[in-house]
Amino acid sequence: MNTVPSELYPRSDLDKHLGVSYEERWQRLKPVIVQLYSGNYGRAGKTTTLTQLADFMKQNYVFYATPKQYRTHFDAWGIKKNVGKEKKDDAILALTKRKRPGASTSHVTVAEGGEDKQLPPAKIMRHIKEQKRRLPIERLTPGLLSSWNLPYEAFIASIYQDPDKPSPFGPQTSTPEGLKIESPKPTTPGHDTAGPSPNMQLVYQKAKENRATLFLQGRLEELIISMGREDRKLFVNYFHDFYIEAFSQARQSPHRMHVLEVPTQLCNWAIHVPSTSGDAKIKGSLPQPPEQPREQTINTPFPQALRQTMLSSSFTSVLPQDLPFARNTIVNAINDDPEALELDAWKLAIMAGNHKLLYDLYDQRPGEVPQGLDDIYPLHLAAAFLDGGNVCCKMFEELFSILGPEYAFRHNVDELGHTLLDALMTSVLRSHTVVNPGFVNKAFNPAGRFPGEEIDICGRWNPNSPGVRSLFHGGSPRIPEKWKHPFCHTAVQAVCHNINISSGLFIRRCTECGLELKLGPLHTLVVVTFCLAQYGMLGETLFGAIALLVCLLSLGADVNLKANICAEEILGNSEAPGCRHTSISPSELMERVPDHLQRHGTDMGLLWATIQTEMLTYRRINEGDSWISDNFPLIALEAWLSGHSADFATPLVTNQMMNGYSKCGWFHEAEAFVLPAGREASKYYFMNMDDYARTTYLDNSDIMILWEDIKFELESDEEDIV
């Protein structure tokens, strides 16, 4: 051994502790033994071996022990020759989170055997290089790149904050227990500090590679916690900027959109136009829509366009070397996997409401859907991003066409227990009430947000709208109350056209017995109506709630279906303990709601026909206009429903303004009875929706083919069961 410090040699026989027992000498000589073993006192500056240690102690301290005895005592003392992988990883993480000028790998000490000892920089470097050699090639988690819909300020505001924790990103301290990092000395004012040392540059690069790996694996919570605030901000905003650029590419078509910082209260709308094969009398007597603006065409397949966007970094001004993660690692993963961005492309097309792009994606790979499509619940995603002002039901129609109508029955419930109907009702509550997400479902935590907040159901804004971007960058993850308005005809039409029967919203568990209290479809509508009445916007008429009720009934919703419900818990006024849930019907639940409407003995066909005609022919054109037309007076409806009038004295009926309809309220002359056009419901033209700047015309749907397919699938299932 050489270069042993003089303080480790005995100064006299007293330091050798010769007058005590052999076991006692182990304890008294322990500090010397441990320091010798932990140091680089071997030949050529290498660490001390057990044999070298035994020889040194025998020659200098007259202490006789074999290498095996030393090993036994080191194990008992908790002394390890090599610092564990976890400690080295902790040291690298702590160094990168500090990111202070003058930081050095020489400043790291670890607690071993009750003592602090330096973690040699050479060991840190060897550990980094060894990990780099063993770094596996990761694949990108499908659908990950299209998930960054919020900038940093809104992102952190949307995260649930546990009141017992100081930060949603883990402990405030960046140094794990058992690890110490000496803070660098403050720099002299006016003197620039040198850049990071070569060792620290390697440490920072290693941290970037680790973060890229965590990202590719989808381990986002670990990733966010591993970064300091500035790195987190850079990271989140980088991928949010990519999301905005990708969403804009997916949007493609020139949808009509108000670009004001505070959106107008006036909606856009979509009008279904019957095909040329329909009744010429209807077509010829009514004004025809103008030619629609041509959509932008993109020759490059959308997944490839997304790949090129990521490769070019055209969406950001941040240089690759300034990013807090190894961008090349992510780019290489995308380049090495032709399927990497397929799911992101589908997801973005659905969120952007571009049903033609979705068809193109499927047409490019006929018969194939991307891996992981079921995991994003595409129909629920379409409901969350419902855009009644531009595409109405076209995205649902395209998804049914691609996936098959039976898909909705096989995948009707998402990971939160929500059905497709629930997803549509959530969009209504999000857009037209001030209800807190946590009231609807505990999975929407109180500090969180509803899905799809960045899309307006009436077509007034999307994620790339200036007002939305300004709002989110200001730290608000939710749409403010002043942007909302009553449940309007555009939203009513979109929801009715997309509606499906079943429910999982407002799920509660009995606090006594743990039974899940889950509503049926009409129970759900009762509570949604309560929310619109109690927490809806100024001017709410409940026309939309009536329309949804009659729509569900016309499609066969069971009014006698009972469910285990605690009305007080659902309606938010539960105080008394104990089990209070009972099996009740929708009408019984409605009786628990103040000011409910009685609808006994109503001609449901007439009511549904008038509701459809109203929502297909009227919109609020100017500020100050009524939310409902004079053709559908609510006073007359109330008098009829309450029994004070034998007839529904609405001009639609008294002036014979509607075409013929069935006893269920479906129009005979409609090509697709579940999606009638305004001109198919109207006997003559009285629509006020000729503002072409706010109108999107949609070709009449092939929904009837899908309905026939659904009927066939259900009949086949029944035969299989029999």
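Couple of notes before you dig in:
- Accessible surface comparison of GLU138, GLU614, GLU222, GLU24, probe 1.4 Å, protein chains only, largest first: the order is GLU222, GLU24, GLU138, GLU614.
- Gyration tensor (alpha-carbon) shape descriptor, region 295-354, a/c threshold 1.5: prolate
- Where LEU386, LEU553 fall by accessible area, highest first, once all protein chains stay in place (1.4 Å): LEU553, LEU386
- Annotation: ILE159 carries an accessible surface of approximately 50 Å², with a 1.4 Å probe and no ligand, DNA or RNA atoms counted.
- Annotation for ARG139 and ASN436: the two label points, set 7 Å from Cα along the Cα-Cβ direction, are 4.2 nm apart.
- Local electrostatic count, PHE247, Cβ distance below 13 Å [Lys/Arg +1, Asp/Glu -1]: -2
- With every protein chain in place and a 1.4 angstrom probe, the accessible-area ranking of THR66, THR433, largest first, reads THR66, THR433.
- For the residue pairs LYS233/LYS356; LYS482/LYS683; LYS233/LYS442; LYS206/LYS442, the C-alpha atoms sit more than 30 angstrom apart in LYS233/LYS356; LYS482/LYS683; LYS206/LYS442.
- The mean accessible area for residues of region 423-489, using a 1.4 Å probe and ignoring ligands and nucleic acids, is 26 Å² per residue.
- Inter-label distance for SER21 and ASN655, nm, one decimal - labels placed 7 Å from Cα along Cα-to-Cβ: 11.1
- The heavy atoms of ASP336 present about 110 square angstrom of accessible area, all protein chains included, probe 1.4 Å.
- Put a dot 7 Å past the Cα of GLU222, heading toward its Cβ, do the same for LYS30, and the two dots end up 3.6 nm apart.
- If R0 is 45 Å, the Cβ-Cβ spacing of SER12 and GLN205 corresponds to a FRET efficiency of close to 0.30.
The values are calculated or read from the model by the stated rules, or taken from the named source; none is laboratory data. Every value quoted in this text rests on a predicted model; they were computed, and no experiment measured them. Cβ coordinates were reconstructed from backbone atoms using ideal geometry, including for glycine residues, and neighbour counts include every protein chain displayed. Surface accessibility is based on the protein's heavy atoms, side chains included, excluding ligands, DNA and RNA. Shrake-Rupley method; radii C 1.70, N 1.55, O 1.52, S 1.80 Å.
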